Amino acid sequence: MSTLERICFSLTVFLAVAGTVYGLTSHEPAGTTLLAVAALTFGFLGVVSRMVAREAEAEAEEPEVHVGPTIWPFGFAIAAVIIALGLIVTPWLLVLGAFAFVLAAAGWLRDVAHSRAHAGSTSRG
């Protein structure tokens, strides 16, 4: 059982117990319902993560692609600042921020594609 599964199932049990105690002591249906929904949600996440882990074990191992250091996440940060300033100051900065965002996304995707192509050529050769 993975760490994520343990966390999800532990939260499921905790929230179910807390919801039961809350429902019996407070007589408030809204809080009890919310705790029950949260418990069910974490239970669902635990089941899904268990299914995904089993499927990953069944599949053949593919080489992991590692993208080297790149400047593009910094470009996303700069684009976000420009977009935020555009929301505050002027719509023209929104256009500039959107352009910077698209440029950063294209550059990062190019780096990822280049790394994936490089990993594929080294694993086959």
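The values are calculated or read from the model by the stated rules, or taken from the named source; none is laboratory data. Worth saying up front: this structure is predicted, and the values here are computed from it rather than measured. Here the Cβ positions follow ideal geometry from the backbone for every residue, glycine too, while neighbour counts run over all protein chains shown. Ligands, DNA and RNA are excluded from the accessible area calculation, which covers all protein heavy atoms including side chains. Shrake-Rupley method; radii C 1.70, N 1.55, O 1.52, S 1.80 Å.
Take 2, 49 and sort them by solvent-accessible surface of the protein heavy atoms, 1.4 Å probe, largest at the top.
Values: 2 50, 49 20 Å².
From most exposed to least exposed: 2, 49.
Close amide H contacts of residue 70 (hydrogens built in the peptide plane, cut-off under 5 Å, sequence separation of 5 or more or a different chain): none are found. Taking the helices alone, the chain has a mean residue ellipticity at 222 nm of -30000 deg cm²/dmol, built from -39,500 (n - 2.57) per DSSP H run of at least 4 residues and averaged over all its residues. Given +1 at the Cβ of Lys and Arg, -1 at the Cβ of Asp and Glu and no other charges, the dipole of the chain around its Cα centre is 220 debye to the nearest 20. In this label model, residue 41 and residue 55 are separated by 2.2 nm, measuring between points 7 Å along each Cα→Cβ vector. With the radius of gyration and the Kirkwood radius both derived from the Cα set of the stretch 7-57, what is their ratio Rg to Rh? Over the Cα atoms of the stretch 7-57, Rg/Rh equals 1.16. The stretch 65-97 and the stretch 34-58 have Cα centres separated by 35 Å.
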